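Structure first, then comments.
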Ligand code: M6R
């Protein structure tokens, strides 16, 4: 939520900031702004709307020159989407950008008023700027350290002090920041994608640390002003990984990235019919003696947990619960050293998932996370991390992240089965063969793109839609449904197919699209009975399946037939088909596929 970038060095800052904000725009796109200092004066340009609008405004503004500056793209929390609420915010000598939420901003507003400060915006951020200015007596470090003692909430700040030209002071508590020094100067941003053009080497700013950036250097400090050596990381993404690469939208590109992402995540971890986590330094011990598994995540990642539950319960007969992190963190869960908690997250920074992980750690559970972003908070705080190798996911709607999260679940299920002697060598070899065969069907599904587009056109004007599935397919239906509703604004709901007649079937009327997911042979007749029920009430039924449907002709209206795989591995092919369906419906409806309204990619606030 919110993207921030800072630069000080040898190059003009404005271009670097605006280009960086374009890369970070997926984190929020309500408004954007930059502040650039030329050694004596700080100039600010900000506007509601997207970074492209900021770019035009910067181009039309004279005098935005200088080699030190900060930039922000906002996902509004406190205060509406207005120019005045856009960052940067100024108070006295302080110019500041912020990612996060200041929870005690109301009390602070009252206290600061007594000191003569009056806010002009409705934001919690301006209150932070006023607080830091009120504590400032010429020593930026001291002001930030004192502010850190007073502020409650989550923050990543970049601050310029009027009488310290060329310098940027950054402080992190919760909200992510990464930083780097190159021969062009010092960079900081909420996410590595903004820096890819300049460097692939970076460090994650640890929580409760301050970074001081000058044109010649970047220094990491603890709160008590001790210099700390940053732990450098390297990404092997090239700059094209965060570009559309000829596709119309990032989502489209990321759907097409899936064969490679799946190969990168799965193939190096399968050797001779075994899940091999040696390169991940994941000890088998974490999987031993487990009598319960809890999977916790949000949104799409939570749906991959539904897939994980099906696998682990059916393969191992160990009870699994799948908890929304936002609930789990407040439900006083029963956890002990025999519980394995799996946290799933693309960004590794989702506030609720991080809190859930911390709770699991506190209660002594064993923790492993499935994470895409290297060095992220959840990756660092888990006992072990299984990185997915999807490369950067820019579209707000997750696609490749989901597929590789599911792949991570299959790998962990296999490892659990092996370590706990639940499968024979032959069974494991068979599992690996079928797993690889299933991910190898994805290119064939991508070849069905034009056909899926023709089906999408038939339902493009619908107000509502329903997704049905049973067993493993319920999780897949939930994810397919989320894809459609979050980007196309079709009012879509996913149901376990047997549940529909317990209320929701009253919403089925003539022509309402029902998308039925069918990869599980054992429940196929039951699912098709449910499909008959909605068909009898006028639904337009689209079957998405890898199974032979010849016995059911006439029951459905359209058929998306993906290559057949073993039932346990039905996830991959149909998921890609559902992603394409959602994508095309959205394009037909004329909406911005990559930046759906009100959403942001990385939800770093509660
Ligand atoms: O970064 P995370 O995987 O933790 O994000 C969790 C959800 O916000 C995310 O999966 C979201 O539901 C998807 N981007 C929706 O497509």
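Taken together, the values in this text are just the output of simple stated rules run on the coordinates, not laboratory data. Not measured: the values here are computed from a predicted model. As a convention, Cβ positions derive from the backbone with ideal geometry for all residues, glycine included, and neighbour counts pool all protein chains shown.
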Query - Footprinting exposure proxy for 149, 485 (fewest neighbouring C-beta atoms within 10 Å first) - result: 149, 485
Report summary line: For the stretch 531-577 the translational diffusion coefficient, Stokes-Einstein from a Kirkwood Rh over Cα pairs at 37 °C and viscosity 0.692 mPa s, in µm²/s, is roughly 285
Report summary line: Relative to the chain, whose Cα atoms define the longest principal axis, helix 351-362 and its Cα axis are tilted in degrees, nearest 10, by 80
Query raised in the report: How would you rank 180-189, 71-80, 39-48, 584-593, highest first, on the average number of other Cβ atoms within 10 Å across their residues?
Result: 71-80, 180-189, 584-593, 39-48
Query raised in the report: Relative contact order for the chain using alpha-carbon pairs under 8 Å, separation at least 6, rounded to a whole percent?
Result: 12
Report summary line: Once both label points are put 7 Å beyond Cα along the C-beta direction, the residue 223-residue 283 separation in nm becomes 3.1
Requested in this report: Sticking with the crude label model, points 7 Å out along Cα→Cβ, report the distance from residue 118 to residue 84 in nm, one decimal please.
Outcome: 1.1
Requested in this report: Just order 467-475, 194-202, 397-405 by mean Cβ neighbour count inside 10 Å, highest at the front, would you?
Outcome: 397-405, 467-475, 194-202
Report task. Report, in degrees rounded to the nearest 10, the 0 to 90 angle that the Cα long axis of helix 105-114 makes with the longest principal axis of the chain. Result -> 10
Report summary line: Expressed as a percent, the portion of alpha-carbon pairs in the chain spaced more than 36 Å apart is 39
Query raised in the report: Given R₀ = 60 Å, FRET efficiency for residue 548-residue 337 by Cβ-Cβ distance, to 0.05?
Result: 0.80
Requested in this report: Quickly rank 342-351, 285-294 as a protection proxy: mean count of other C-beta atoms within 10 Å, highest first.
Outcome: 342-351, 285-294
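With the contact rule set at Cα under 8 Å and sequence spacing of 6 or more, what percent relative contact order holds for the stretch 139-264?
18
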Report task. Just rank 423, 251, fewest to most, by other beta-carbon atoms within 10 angstrom. Result -> 423, 251
Report summary line: So the angle from the long Cα axis of helix 124-134 to the longest Cα principal axis of the chain, reported in degrees to the nearest 10, equals 30
Query raised in the report: How far apart, in nm, are the 7 Å Cα→Cβ label points at residue 529 and residue 184?
Result: 6.4
Report summary line: Proxy exposure order for 1, 549, 428, 130 (fewest C-beta within 10 Å first) is 549, 428, 1, 130
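Give me the percent of DSSP beta bridges within the stretch 249-440 that run antiparallel, rounded to the nearest 5. Before the final figure, lay out each step's value.
Numbers: 2 of 22 bridges.
Rounded to the nearest five, the antiparallel share is 10 percent.
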Report task. Could you tell me which of rounded, prolate or oblate describes the stretch 183-314, using a ≥ b ≥ c as the square roots of the eigenvalues of the alpha-carbon gyration tensor, with rounded for a/c under 1.5 and, failing that, prolate when a/b is larger than b/c and oblate otherwise? Result -> oblate
Report summary line: the stretch 3-235: relative contact order from alpha carbon pairs under 8 Å, six or more residues apart, as a whole percent, is 20
Query raised in the report: Taking a ≥ b ≥ c as the square roots of the eigenvalues of the Cα gyration tensor of the stretch 3-235, is the shape rounded (a/c under 1.5), prolate (a/b larger than b/c) or oblate?
Result: rounded
Query raised in the report: How much of the DSSP beta bridge set in the chain is antiparallel, as a percent to the nearest 5?
Result: 65
**Report entry** Along principal axes, Cα extents of the stretch 485-572, largest first, whole Å
**Finding:** 34, 30, 23
Requested in this report: Divide by every residue of the chain the summed helix terms, -39500 (n - 2.57) for each DSSP H run of at least 4, and state the resulting mean residue ellipticity at 222 nm, rounded to the nearest 500 deg cm²/dmol.
Outcome: -10500 deg cm²/dmol
